[in-house]
Amino acid sequence: MATPTAYSTHAPSRTELDALPGATVVEFGTDWCGYCQGAQASIAKAFEPHADIRHLKIEDGPGRLLGRSFKVKLWPTLIFLRDGIEVARVVRPTGAADLAPAFTSL
């Protein structure tokens, strides 16, 4: 099994995200979060048929403004954006099926 990609400590600005064309999924969490670690296999499986969709893994926490701008409270939280507008949100998925309706909304 491949090692999951780490959450990036370098986040784009909200303005940059809002300007992204097409479909984007922003995943907020941290590498040390047990819920985040437990969800990685399910998230990877859900993305398999959607390899063309941009997936940004952003580290969240105190002082991290991007997560606050989306009112993220729990990790992992996946925000599904179409042309910079939120169309779906999934919080703490427990299986790949939890993400299917959100991908459909894109």
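The values are calculated or read from the model by the stated rules, or taken from the named source; none is laboratory data. Please read these numbers as outputs of a predicted model, since none were measured by experiment. Cβ sites come from the backbone with ideal geometry, for glycine too, and all protein chains shown count toward neighbours.
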How many residues does region 1-31 contain that are exposed (fewer than 11 other Cβ atoms within 10 Å of the Cβ) and either in a loop (DSSP other than H, G, I, E, B) or modelled with pLDDT under 95 (or both)? 6
Only one of 46, 51, 39 is over 20 Å from residue 11 (Cβ atoms) and surrounded by 18 or more Cβ atoms within 10 Å (Cβ to Cβ), namely 46
Cross-chain or 6+ apart pairs with Cβ under 7 Å, region 1-30 first and more than 13 Å from residue 64 (Cα to Cα) and touching a residue at least 60 places away in the same chain (Cβ under 8 Å), then of a type in the set (Gly, Ala, Ser) and surrounded by 11 or more Cβ atoms within 10 Å (Cβ to Cβ): 17/84; 18/84; 19/84; 20/84
Take region 68-98 and flag every residue that is more than 17 Å from residue 42 (Cβ to Cβ), hydrophobic (A, V, I, L, M, F, W, C) and part of a loop (DSSP other than H, G, I, E, B). 70, 72
